[in-house]
Amino acid sequence: MNDSDVRYMLHALRLAARARGKTSPNPMVGAVLVKSGRIIAEDYHKKAGESHAEALAIQSAGTAARNATLYVTLEPCCHTDKRTPPCTKAIISAGIKKVVVAMEDPNPKVAGKGITELRDHGVEVIVGVAEQSAQRLNESYMKFIASRLPFVVLKAAMTLDGKIATPDGESKWITGEKARRCVHQLRSSVDAIVTAIGTVAADNPQLTARIRGGRNPMRVVLDPNLETPLSFHVCTVPPATLFVVREQARKLYADKAGLLSARGIEVISYSGDRLDLAWLMSLLGGRGITSVLIEGGSSLNASAFQAGIVDKVIFFVAPKIIGGAQSLTPVGGVSFRAMSSPYLIERMRARKIGGDIMIEGYVSREV
């Protein structure tokens, strides 16, 4: 591995990221063909079911691909259990002499087999260039492939003194316009947004990605007693919307549930008084939802941590102080963790977004 390998791979990763939120349940993949020290073709996977990045780049290069080096952000596929032909075959047929791969594909149908096939046909293969960046790009895909569960991101916006709302629920606007635009981009990158009745009642949110080229995720509304007024934004479609309610409430308010269904909104129910969020994630995963953004309030956030479903946190911190012992904090709930056993956040990064600070990190799975 040399500096040029890293440079070309980072370029391929930037190409792959152009399809953020558009390839699920497939990963984001970018490919760059280099010959005689210059890029002769490049492309990226744009949508599930469409051509893969490698095939597109090879097609673009034509006969010039012979003896070129291919930089690809994920191990080329080698199986036929999909809508597109194996990329390994295209690479071999094109006469590419070297393939530089950022990371192996965790999909058991590939998982090193694509690399082995290329090597068996005389293609030089280097693996692990910019691997951490590639893993971070496709973290949702990696978890989903391994567990069939969605990758869960919990987002919160708070003041410098750790408040998300005043005691009477006022929360608009904690952060500035640039941070709010960043949230819309985040929404566009996931398959579903999960929120709860408290947030819906307080803010009447649309929960859509209001940016140019944005993609609206499914909305999942946790409304145990089916309280959401039919006039609220989340009761209109599109985007696709799923209400999660108690079985007793669904029976008691069968007419309202029917009206929601008539609008194209799905209503599912659970037994008992308390929703099992782990069960809900399993249900969403079974529907092919690979990534979830939790946009809730203090109670939902606490429940998500207690259920152990949170993989990543993104906190926006505004340079404001509102005070108040009764003001709401990002993670509430009745129970709490002792200082000796908190929820640990690792691999933290921080950057400035307008006048605010965005802090992101991963929930440690170490006990």
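Tell me, in nm to one decimal, what length is gained between Glu124 and Asp3 on full extension, where the rule is 0.36 nm per residue of separation less the Cα-Cα distance?
41.8 nm
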With only Lys, Arg, Asp and Glu charged, each at its Cβ (+1 for the first two, -1 for the last two), find how big the charge dipole of the chain is about the Cα centre; round to the nearest 20 debye.
-> 840 debye
Tell me, how many Å apart are the Cα centres for segment 130-165 and for segment 259-294?
-> 20 Å
Residue-normalised value, i.e. accessible area per residue, for the chain at 1.4 Å probe, in Å², stands at 48 Å²
For segment 63-130, averaging the sequence separation of alpha carbon pairs under 8 Å that lie six or more residues apart and dividing by its residue count, the contact order in percent is 37 percent
About its Cα centre, segment 255-329 carries a charge dipole, from +1 on Lys and Arg Cβ atoms and -1 on Asp and Glu Cβ atoms, whose size in debye to the nearest 20 is 180 debye
Name the shape class, rounded, prolate or oblate, that the alpha-carbon gyration tensor gives for segment 110-220, where a ≥ b ≥ c are the square roots of its eigenvalues, rounded holds for a/c under 1.5, and otherwise prolate holds if a/b is larger than b/c and oblate otherwise.
-> prolate
What distance in nm separates the simple spin-label points at Glu366 and His233, each placed 7 Å from Cα in the Cβ direction?
-> 4.0 nm
Sorted by packing (mean other beta-carbon atoms within 10 Å per residue), highest first, where do 275-283, 156-164 land?
-> 156-164, 275-283
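Top to bottom by accessible area (1.4 Å), largest first, where do Thr199, Thr329, Thr73 land?
Thr329, Thr199, Thr73
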Got the relative contact order for segment 1-118 handy, in percent, Cα pairs under 8 Å and 6 or more residues apart?
-> 22 percent
Note, Ile294: beta-carbon cut-off 11 Å, +1 each Lys/Arg, -1 each Asp/Glu, net 0
The chain - share of DSSP beta bridges that are antiparallel (%, nearest 5) = 40 percent
Ignoring ligands, DNA and RNA, what percent of the accessible area of segment 55-206 is carbon or sulfur (1.4 Å)?
-> 49 percent
Sequence-separation-based contact order of the chain, relative, with Cα cut under 8 Å and 6+ spacing, percent | 15 percent
How far apart, in nm, are two points set 7 Å out from the Cα along the Cα-to-Cβ line at Ile211 and at Arg20?
-> 0.6 nm
Determine the share of segment 238-293's accessible area contributed by carbon and sulfur atoms, expressed in whole percent, with a 1.4 angstrom probe.
-> 52 percent
For segment 1-146, radius of gyration divided by Kirkwood radius, i.e. Rg to Rh on alpha-carbons | 0.92
Surface accessible to a 1.4 Å probe, Lys46 within the full protein complex, Å² | 80 Å²
In whole µm²/s, the translational diffusion coefficient that Stokes-Einstein assigns to segment 301-367, given a Kirkwood hydrodynamic radius over C-alpha pairs, 37 °C and 0.692 mPa s, equals 239 µm²/s
Pairs Lys35/Lys97; Lys47/Lys97; Lys89/Lys113: which exceed 21 Å Cα-Cα?
-> Lys47/Lys97
Pairs to check: Lys143/Lys163; Lys22/Lys320; Lys320/Lys352; Lys143/Lys178; Lys22/Lys155. Give those whose C-alpha atoms are more than 26 Å from each other in this structure.
-> Lys143/Lys163; Lys22/Lys320; Lys143/Lys178
If only Cα atoms are counted, what is the Rg of the chain, and what is its Dmax, in Å?
-> 22.9, 71
On each of the three principal axes of the Cα atoms of segment 268-335, give max minus min coordinate, whole Å, ordered largest first.
-> 42, 27, 19
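The values are calculated or read from the model by the stated rules, or taken from the named source; none is laboratory data. What you see is a predicted model, and the numbers here were worked out from it, not measured in a lab. Ideal geometry is used to build each Cβ from the backbone, glycine not excepted, and the neighbour counts take in all protein chains shown. When the accessible area is computed, the model is the full protein with side chains, heavy atoms only, and any ligands, DNA or RNA have been set aside. Shrake-Rupley method; radii C 1.70, N 1.55, O 1.52, S 1.80 Å.
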